[in-house]
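The values are calculated or read from the model by the stated rules, or taken from the named source; none is laboratory data. What you see is a predicted model, and the numbers here were worked out from it, not measured in a lab. Note that each Cβ is placed from the backbone with ideal geometry, even for glycine, and that neighbours are counted across all protein chains shown. These accessible areas exclude ligands, DNA and RNA; they are computed on the full protein's heavy atoms, side chains included. Shrake-Rupley method; radii C 1.70, N 1.55, O 1.52, S 1.80 Å.
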Amino acid sequence: MAVPSGEQIYKEVQDYYSTELQKSEDLQTNACVTLARPLPTFIKEALKCVHEEVVSRYYGCGLVVPERLETCWILDLGSGSGRDCYMLSKLVGEKGHVTGIDMTLAQVEVAKKHIDYHMKKFGYQVPNVDFTHGFIEQLGDAGLKDESFDIVISNCVINLSPDKRAVLREAYRVLKAGGEMYFSDVYASCDLPEDIRKHRILWGECLGGALWWKDLYKIAEEVGFCPPRLVTASRITINNRELESLAGDCQFVSATFRLFKVPKKSPAEKCQVIYNGGITGHEKELVFDANFTFKEGEVVEVDAETAAILRSSRFAEEFLIRPAAGERLAPGGGCPGKAKEKILDPFQLVEQQEAKAPASKSEGCCGPKGCF
């Protein structure tokens, strides 16, 4: 049997998420289920406002909540029943806006019918959220214009796409200069063999279409983004003997990355940066990625790429940024010394985490059974 065509994948995924999955308990692997993780109070409060039908029909991976959201315009790729969109619509405020796009009409219909409910819940006079039926590889066909969003998020959806390059290309197109794509997805330790890529259930459960993590770096840079910034990663175990035998030696992780659309003429120089503090939920410390954590008031030397990102993005006003001079600090803060090698490989990050604090249970993506 050949690897499914793009059209066949679309049809099978739509059927799987609109017909076979009626609730989160119908999932056959733990790829979209994880142990509960502590969340900031402001996010918990926003999630409590989301209608119970929207939550019950949500099958996402990871809780995708980037920082500094007030007044931002956000696009959610593969928004499903709209849980993340409604949570984010509260966080961006009435001056911000959230758009959700999904190819499964049944999911879009669930999301749309609860717009009035949430606007009344948040006390907004004018809706700041909308949903559209369409493909994440063809955002133009859905009427989404160039440079119209500050942030694009995606939550365990890109792996379901047969054309991942098109997804990243379209995300880059609709982002404003300095904008960010912040997304959680499933990644493989290798280029997946055909018997995994053609398996209907493994596709529907986010494993069959998982991208080899090295290919993400290649595609992102070809599209125009700065190299991906790895934020978090956790190991996925399938816990289904039949499907595990198909996977063989292939390993999977859930990982969150951030991609930035930095203007080409941005200054390229190392800088010292000081986090001013004050971002909601991150007042004292901002964990930017696996390599940089910024503490309020602390001087940190960053490479030219990181400096360009901070200068051009929505984070610019949250930092004091100056050319590096005099005594140099090691990346991540602290005393001068040999710079640590950047962590790029999500499997390497998982191994480091497991070596420091072995978990009693392997975690999959943060899905509907345990995020909050």
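Write out the trypsin sites (Lys or Arg not before Pro) in region 69-154 meeting two conditions: DSSP loop, and at most 16 other Cβ atoms within 10 Å of their Cβ.
Sparse-neighbourhood loop trypsin sites (Lys or Arg not before Pro): 95, 113, 145.
Based on DSSP, what percent of beta bridges with both residues in region 101-254 are antiparallel, to the nearest 5?
Percent antiparallel among DSSP bridges in region 101-254 is about 40.
May I ask for the percentage of alpha-carbon pairs in region 57-163 that lie more than 17 Å from each other?
Roughly 49 percent, once rounded to a whole number.
May I ask you to rank 191, 141 by accessible area, largest first, using a 1.4 Å probe over the protein chains only?
On the way: 191 110, 141 130 Å².
Per-residue accessible area, sorted high to low, gives 141, 191.
Could you tell me which GluC sites (Glu not before Pro) in region 145-194 are loop residues by DSSP with no more than 15 other beta carbons within 10 angstrom of their beta carbon?
147
With a 1.4 Å probe and all protein chains left in place, how much accessible area per residue does region 73-145 have, in Å²?
40 Å²
Given charges of +1 on the Cβ of Lys and Arg and -1 on the Cβ of Asp and Glu, with all other atoms neutral, how large is the dipole of region 54-100 about its Cα centre, in debye to the nearest 20? If you can, show how the numbers build up before the last one.
Numbers: 5 positive and 5 negative charges, 23 e Å.
Once rounded to the nearest 20, the dipole reads 120 debye.
How high is the relative contact order of region 239-309, in percent, with contacts defined as C-alpha pairs under 8 Å that are six or more residues apart? Provide the component values of the computation, followed by the final result.
Details: 71 pairs, mean separation 24.7, N = 71.
Worked out over region 239-309, it gives 35 percent.
Counting only protein heavy atoms, what percent of the accessible surface of region 233-291 is carbon or sulfur at a 1.4 Å probe?
Carbon and sulfur: 46 percent of the exposed surface of region 233-291.
Give the accessible area for residue 71 in Å² (nearest 10); use a 1.4 Å probe, count only protein heavy atoms, and leave out ligands, DNA and RNA.
80 Å²
Ignoring ligands, DNA and RNA, please state the percent of accessible area on region 105-189 from carbon and sulfur, probe 1.4 Å.
48 percent
Can you compute 3J(HN,Hα) from phi for each residue in region 108-115, using the Karplus curve 6.51 cos²θ - 1.76 cosθ + 1.60 with θ = phi - 60°, rounded to whole Hz and x for Gly and Pro?
After applying 6.51 cos²θ - 1.76 cosθ + 1.60, I find 4, 5, 4, 4, 4, 6, 10, 4 Hz.
Tell me the label-point distance for the pair residue 49, residue 284, using the 7 Å Cα-to-Cβ offset, in nm and rounded to one decimal.
Once both label points are built, they end up 2.7 nm from each other.
Can you list the equivalent-ellipsoid semi-axes of region 212-259, largest first and in whole Å, using the square root of 5 times each Cα gyration tensor eigenvalue?
28, 12, 6
Find, among the trypsin sites (Lys or Arg not before Pro) in region 241-298, those assigned to loop by DSSP (not H, G, I, E, B) with at most 10 other beta-carbon atoms within 10 angstrom.
In loop regions of region 241-298 (DSSP not H, G, I, E or B), the sparsely surrounded trypsin sites (Lys or Arg not before Pro) are 264, 265.
If you average the sequence gap of Cα pairs under 8 Å that are 6 or more apart and divide by the length of region 156-210, what percent do you get for the contact order?
47 percent
With θ taken as phi - 60° and the coefficients 6.51, -1.76 and 1.60, list the Karplus ³J(HN,Hα) couplings across region 248-260 in order, rounded to whole Hz; mark glycine and proline as x.
x, 7, 5, 10, 9, 10, 9, 9, 10, 10, 10, 10, 10
In terms of solvent-accessible area of protein heavy atoms at a 1.4 angstrom probe, what is the ranking of 73, 203, highest value first?
73, 203
Past 19 Å, Cα to Cα, is the threshold; run 48/121; 176/218; 176/261; 90/113; 90/120; 145/214 against it and keep the listed order.
Details: 48/121 11 Å; 176/218 22 Å; 176/261 8 Å; 90/113 17 Å; 90/120 11 Å; 145/214 30 Å.
Checking Cα-Cα distances, 176/218; 145/214 exceed 19 Å.
Using each residue's phi in region 262-271, evaluate 6.51 cos²θ - 1.76 cosθ + 1.60 at θ = phi - 60° and report the 3J(HN,Hα) Karplus result to the nearest Hz, with x for Gly and Pro.
Couplings: 8, x, 4, 8, 5, x, 10, 8, 5, 9 Hz.
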